[in-house]
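See below for the structure under consideration.
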């Protein structure tokens, strides 16, 4: 059972989505929040597996709530709820630790699929906003673009490129004929060297710096 927390300041949308998701046999909405402050408190109390986080909320927006939750509970997976015109919010949320986004206009079936995808370890970066996010994403402040050849080994660069292509750990392990544990160790090293928080940020970094030629 995947335990969900919904954070959105529009009660009609939030409660309607909660009712629809609760119809899924493998999903359970364990809590709802009206703003970022409530989302942070509910995350601490309820310990959900996945948080659906609206980005535009009063008192504390979803970007700041994402940052704080990811810092305190890095194992919780955050899926951003967004609209077409919120690329800046999406980008900052991904930098803050979110693992993907879903359009608020999506059907409950598609949202449920996105939740399951996140639960299995996949990033949720769809085709509508992702190209703009990739195009606008700046280099990490601590790492200049032209330094990655010195920081990363050839094997790490190869794995980073595969992450940028959207492959998960198992797919990378099969392609490179390495064990799953070895791939996980490599990804940990890559995140450390590039001072990134998670594999989604690594994938974004790869798309920005390794696929631009």
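Go through 55, 63 for me and flag whichever is in contact with a strand residue (DSSP E or B) (Cβ under 7 Å, 6 or more places away or on another chain) and touching a residue at least 12 places away in the same chain (Cβ under 8 Å). Walk me through how you get there before you give the answer.
Numbers: 63 fails: in contact with a strand residue (DSSP E or B) (Cβ under 7 Å, 6 or more places away or on another chain).
The match here is 55.
Any residue that is at pLDDT 95 or above, outside any strand (DSSP E or B) and under 16 Å from the mean Cα position of the chain (by Cα) - is there at least one of those in the stretch 50-57?
No: the stretch 50-57 contains no residue that is at pLDDT 95 or above, outside any strand (DSSP E or B) and under 16 Å from the mean Cα position of the chain (by Cα).
I'm trying to understand the selection: among the residues of the stretch 159-213, which are at pLDDT below 90 and on the phi > 0 side of the Ramachandran plot?
166, 195
Return the total of residues in the stretch 75-105 being within 15 Å of residue 48 (Cβ to Cβ) and at pLDDT below 85.
Qualifying residue count, the stretch 75-105: 0.
Starting from the stretch 107-121, keep only residues that are assigned by TED's automatic domain parsing to the domain that holds residue 19 and closer than 17 Å to residue 28 by Cβ, then list their pairs with residues that are assigned to a helix (DSSP H, G or I) and at pLDDT 90 or above whose Cβ atoms are within a distance under 6 Å, requiring at least 6 positions of separation or different chains.
108/20
Is there a residue in the stretch 26-49 that is buried (at least 17 other Cβ atoms within 10 Å of the Cβ), part of a loop (DSSP other than H, G, I, E, B) and out of contact with any helix residue (DSSP H, G or I) (no Cβ under 9 Å at 6 or more places or on another chain)?
no
Just a yes or no: is a residue in the stretch 4-17 closer than 15 Å to residue 124 by Cβ and surrounded by 14 or more Cβ atoms within 10 Å (Cβ to Cβ)?
Step one: list which residues in the stretch 4-17 are closer than 15 Å to residue 124 by Cβ, which gives 4.
If we keep only those that are surrounded by 14 or more Cβ atoms within 10 Å (Cβ to Cβ) too, we end up with 4.
There is at least one residue in the stretch 4-17 that is closer than 15 Å to residue 124 by Cβ and surrounded by 14 or more Cβ atoms within 10 Å (Cβ to Cβ).
Name the residues in the stretch 162-181 that are assigned to a helix (DSSP H, G or I) and either surrounded by 15 or more Cβ atoms within 10 Å (Cβ to Cβ) or assigned by TED's automatic domain parsing to the domain that holds residue 93 (or both), would you?
Taking the stretch 162-181 as the starting set, the residues that turn out to be assigned to a helix (DSSP H, G or I) are 162-164, 169-176, 180-181.
Selection gives 162, 163, 164, 169, 172, 173, 176.
The values are calculated or read from the model by the stated rules, or taken from the named source; none is laboratory data. Everything numeric in this text was worked out from a predicted model, so none of it was measured. Glycine gets a Cβ as well: all are built from the backbone with ideal geometry, and neighbour counts include every protein chain shown.
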